[in-house]
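Take a look at the structure below.
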Amino acid sequence: ELKVEQNPLFLSMQEGKNYTIYCNYSTTSDRLYWYRQDPGKSLESLFVLLSNGAVKQEGRLMASLDTKARLSTLHITAAVHDLSATYFCAVDTSIGSSNTGKLIFGQGTTLQVKP
Amino acid sequence: GAGVSQTPSNKVTEKGKYVELRCDPISGHTALYWYRQSLGQGPEFLIYFQGTGAADDSGLPNDRFFAVRPEGSVSTLKIQRTERGDSAVYLCASSPVERGVPGELFFGEGSRLTVL
């Protein structure tokens with residue numbers, strides 16, 4: 001059974017600081033997603049990582065994927081209050097052309113950025 | 001609107017009652033998913049439709065849960081004899097499909113179900 005674990009589950013940080021959220025998964029996958037969720041809202045797609053070594057950046061967020069280590073990271077640079085939210089990684093459980101898009105989510109990391 | 005639409009946004013019901021939750025996917029998206037999110041948890045997969053058929057229903061917790069998509073567009077999640085443990089936010093997502101492979105999932109705002 002595929003397991004997806006995020007670390008840490010809760011993160012409180014000051015504006016301007018850097019930090020990394022880790023996402024480990026237990027079986028082979030070739031697609032990994034990062035989502036953002038604000039309280040009471042739905043999931044907003046941030047990044048789709050499709051291959052080993054993939055790195056994507058958007059503003060103060062950068063995501064990377066190491067399929068050999070089964071690890072993805074979401075790095076936050078110079079955090080601002082607007083980044084406060086819960087971040088989920090999600091792994092596609094299917095491989096290759098049989099991709100079904102069925103995702104297994106991590107528990108989520110709640111980020112609180114203090115002014 | 002252009003996004004995934006879910007109704008109702010909130011539903012309060014009593015234990016033992018029947019509920020239906022509706023999802024209207026993005027036009028042209030042939031793949032449709034239902035997920036359930038309990039408080040403080042990540043979404044859990046329930047069922048996946050490719051067109052009208054349920055291609056994977058392995059996440060449905062028991063036979064009280066059933067979903068349909070009769071015309072390959074709108075989907076309804078049906079829960080019989082609701083229990084308090086069914087209380088959660090039910091999320092619907094849709095995805096375009098290219099050469100048989102679903103792409104990125106787009107999620108709706110969810111239907112919050114509370115069973116008293």
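The residues on offer are A:67, A:73, and the sole one that is touching a Phe, Trp or Tyr at 6+ places or on another chain (Cβ under 8 Å), more than 14 Å from chain B (Cβ to nearest Cβ) and either of a type in the set (Ser, Thr, Tyr) or closer than 26 Å to residue B:9 by Cβ (or both) is A:73.
Given the criterion open to solvent by 30 Å² or more (accessible area, probe 1.4 Å) and assigned to a strand (DSSP E or B), identify the matching residue among A:24, A:52.
Matching residue, one of A:24, A:52: A:24.
The lone criterion from (1) over 26 Å from residue A:113 (Cβ atoms); (2) in contact with a Cys (Cβ under 9 Å, 6 or more places away or on another chain); (3) of a type outside the set (Asp, Glu) left unmet by residue A:35 is number (1). Residue B:22 fulfils the conditions (1) open to solvent by less than 70 Å² (accessible area, probe 1.4 Å); (2) under 18 Å from residue B:80 (Cα atoms) except for a single criterion, (1). Does residue A:113 meet the test of being touching a residue at least 40 places away in the same chain (Cβ under 8 Å) and within 14 Å of residue B:105 (Cα to Cα)? No; evaluated as a whole, the condition is false for this residue.
So that you can scan it fast, the table gives a plain yes or no per residue for (1) in a strand (DSSP E or B); (2) closer than 22 Å to residue B:35 by Cβ; (3) basic (Lys, Arg):
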{"residue": "A:39", "(1), (2), (3)": "no, yes, no"}
{"residue": "A:72", "(1), (2), (3)": "yes, yes, no"}
{"residue": "A:75", "(1), (2), (3)": "yes, no, no"}
{"residue": "A:112", "(1), (2), (3)": "yes, no, no"}
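Applying the condition of being on the phi > 0 side of the Ramachandran plot and more than 14 Å from chain A (Cβ to nearest Cβ) to the range B:63-100 and asking which residue is surrounded by the fewest Cβ atoms within 10 Å (Cβ to Cβ) yields B:81.
Elements of the type strands (runs of 3 or more DSSP E) sitting completely within the range B:74-116 and holding at least 2 residues that are among the β-branched types (Val, Ile, Thr) and either in contact with a Gly (Cβ under 9 Å, 6 or more places away or on another chain) or modelled with pLDDT of 95 or more (or both): these cover B:75-79, B:111-115.
Return the total of residues in the range A:87-115 being surrounded by 21 or more Cβ atoms within 10 Å (Cβ to Cβ) and either within 14 Å of chain B (Cβ to nearest Cβ) or at positive phi (or both).
Of the residues in the range A:87-115, 15 are surrounded by 21 or more Cβ atoms within 10 Å (Cβ to Cβ) and either within 14 Å of chain B (Cβ to nearest Cβ) or at positive phi (or both).
Flag: residue B:103 does not match the condition of being small (Gly, Ala, Ser) and either surrounded by 18 or more Cβ atoms within 10 Å (Cβ to Cβ) or more than 11 Å from chain A (Cβ to nearest Cβ) (or both).
The values are calculated or read from the model by the stated rules, or taken from the named source; none is laboratory data. This one's a predicted model, so the numbers in the text were calculated from it and none came from an experiment. All Cβ positions, glycine included, derive from the backbone under ideal geometry; neighbour counts span all protein chains shown. Side chains included, ligands, DNA and RNA excluded: accessible areas come from the protein's heavy atoms. Shrake-Rupley method; radii C 1.70, N 1.55, O 1.52, S 1.80 Å.
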